Amino acid sequence: DGGITQSPKYLFRKEGQNVTLSCEQNLNHDAMYWYRQDPGQGLRLIYYSQIVNDFQKGDIAEGYSVSREKKESFPLTVTSAQKNPTAFYLCASSPRSGSSDTQYFGPGTRLTVL
Amino acid sequence: AQSVTQPDIHITVSEGASLELRCNYSYGATPYLFWYVQSPGQGLQLLLKYFSGDTLVQGIKGFEAEFKRSQSSFNLRKPSVHWSDAAEYFCAVGGGDMRFGAGTRLTVKP
């Protein structure tokens, strides 16, 4: 089965702790993305990666970090510098990063910071 | 810069009634347009996409969308809504630098 997996589905952390969200794809896609979703605001791009060992900031990268050491994996770390981290996080991938490339989404991780 | 507007935050329709969800885009060249659906607590599923050619695009689950360049619109339609269509719907423009609308939440009345 080809697809994108995100783990865990629900994550709870205390304020001030860093937390890492996992995203894995077996679609052999070059590009991967992280979005944050808040009610009524649609999806906002945090980071994206077009190839291994390369990534770029999106619109709301402050307080987040990523790595892309393998083609299949694009983990997102929510650091203690992120002022309001409670949200639904979605990972996506696409064959490349062109305008015509369809993005395919994982099931999401809901992060709650207590 | 490309952008998408979905004017309706929430729409309620009766089961069996027709549906139209509005989407307006801003894009400098020929747009690549997408509609996604999201069930509560889930990821986004692609319904359909427009790249070029026929302006009426057919998608999954009986949905279709019409691209109208003169109106900068890409509205999603379904002739007869089912209770299982209740979800949030997102219009998006572009691909690599995809921009999403804020979404329209669809409620289906029995």
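Share of pairwise Cα-Cα distances greater than 19 Å in chain A is 39 percent (whole percent). Using Cβ point charges alone (K and R +1, D and E -1), the dipole size of the protein assembly as shown about the Cα centre works out to roughly 300 debye. Among beta bridges identified by DSSP and lying wholly in the protein assembly as shown, the antiparallel ones come to about 90 percent. Taken along its principal axes, the alpha carbon cloud of the protein assembly as shown reaches lengths of 48, 38, 35 Å, longest axis first.
When each of A:I46, B:I9 is scored by the number of other beta-carbon atoms lying within 10 Å, the sequence from fewest to most is B:I9, A:I46. With the simple spin-label model, which puts each label point 7 Å out from Cα in the Cβ direction, the A:K9 to B:S72 separation comes to 4.1 nm. Annotation: the residues A:L21, B:L44, sorted from fewest to most other C-beta atoms within 10 Å of their own C-beta, follow the order A:L21, B:L44. Residues B:T107, A:T102, arranged from fewest to most other Cβ atoms within 10 angstrom of their Cβ, appear as B:T107, A:T102. Candidates A:F74, A:S99, A:Q37 compared by Cα position along the dipole of chain A: farthest toward the positive end lies A:Q37, with charges placed on Cβ. Overall shape of region B:50-110 was characterised from the C-alpha gyration tensor. The equivalent ellipsoid obtained from it has semi-axes of 22, 15, 10 Å, in decreasing order.
Summing +1 for each Lys or Arg and -1 for each Asp or Glu among the other residues whose beta-carbon sits under 15 angstrom from that of B:N75 gives +2.
With K and R counted +1 and D and E -1, the other residues having a Cβ less than 14 Å from that of A:P75 yield a net charge of 0.
Quick note: the coordinates plus some simple rules give every number you see, no bench work behind them. A quick note: this is a predicted structure, and the numbers were derived from the prediction, not measured. As a convention, Cβ positions derive from the backbone with ideal geometry for all residues, glycine included, and neighbour counts pool all protein chains shown.
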